[in-house]
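The values are calculated or read from the model by the stated rules, or taken from the named source; none is laboratory data. Quick caveat, the model's predicted, so the values are computed rather than measured. With ideal geometry, Cβ positions are generated from the backbone for all residues, glycine too; neighbour counts draw on all protein chains shown. All accessible areas refer to the heavy atoms of the entire protein, side chains included, with ligands and DNA or RNA removed. Shrake-Rupley method; radii C 1.70, N 1.55, O 1.52, S 1.80 Å.
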Amino acid sequence: TYDYQSNKVKATSFDFSPKAGYQFHDNWTVGAEFKVSSSKQEGDLNKTKSNSFKAGAFVRYTVPLSETFSVFGDLGAGFQNRRNKAYENDPLISDAKADGMYVGLTPALFINMKKGFGLNFSIGGLGYETLSYDNNGVDVKSFYFNFGKTVNIWISKNF
């Protein structure tokens with residue numbers, strides 16, 4: 001929750017982004033990835049909702065540093081879509097849908113725990129994405145470089 005020009009705004013978001021891969025060599029893994037995201041911002045007078053979906057493939061190159069630590073880089077690419085809705089005093093004033101593509105490179109650190117479980121850390125990456133909105137909306141093409149601006153922590157299982 002934050003105040004913006006005397007309008008108290010409450011923001012919530014949710015992301016779910018699993019990956020499944022096959023390690024075909026000591027250093028190489030290929031697989032599929034998808035991400036589902038939802039966010040909502042509610043103010044005194046207005047509300048916005050956004051839902052997005054990404055589906056694609058990735059390739060990972062891993063360099064073991066020791067029995068416990070490894071570093072790796074993920075290169076992923078695929079399709080994405082997004083839907084944004086805006087409300088003002090409850091009636092819907094805007095409904096925008098978009099489709100596009102994405103590509104991203106993420107370096108990360110892997111810590112081998114026990115029985116194939118690992119703890120992974122990433123502090124950002126770089127990428128490019130496009131979104132083409134329906135109904136002659138503005139097309140979006142963006143490059144991002146967010147090293148040091150995000151922190152991601154996740155658990156993985158090697159079978």
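Within the range 109-119, the set of residues being assigned to a strand (DSSP E or B) and in contact (Cβ under 8 Å) with a residue 40 or more places away in the chain comprises LEU109, PHE110, ILE111, ASN112, PHE117, GLY118. Quick check on SER38: is it of a type in the set (Gly, Ala, Ser) and either under 18 Å from GLY124 (Cα atoms) or over 15 Å from the mean Cα position of the chain (by Cα) (or both)? Criteria not met by SER38. In the range 87-115, how many residues are open to solvent by 20 Å² or more (accessible area, probe 1.4 Å) and farther than 24 Å from ASN51 by Cβ? Residues flagged as open to solvent by 20 Å² or more (accessible area, probe 1.4 Å) and farther than 24 Å from ASN51 by Cβ within the range 87-115 amount to 9.
Residues of the range 65-86 that are over 19 Å from TRP154 (Cβ atoms) and surrounded by 14 or more Cβ atoms within 10 Å (Cβ to Cβ): ALA77, GLN80, ASN81, ARG82, ARG83, ASN84, LYS85, ALA86. Restricting the range 116-156 to residues that are open to solvent by less than 80 Å² (accessible area, probe 1.4 Å) and over 23 Å from GLY78 (Cα atoms) leaves a set whose member that is modelled with the highest pLDDT is LEU119.
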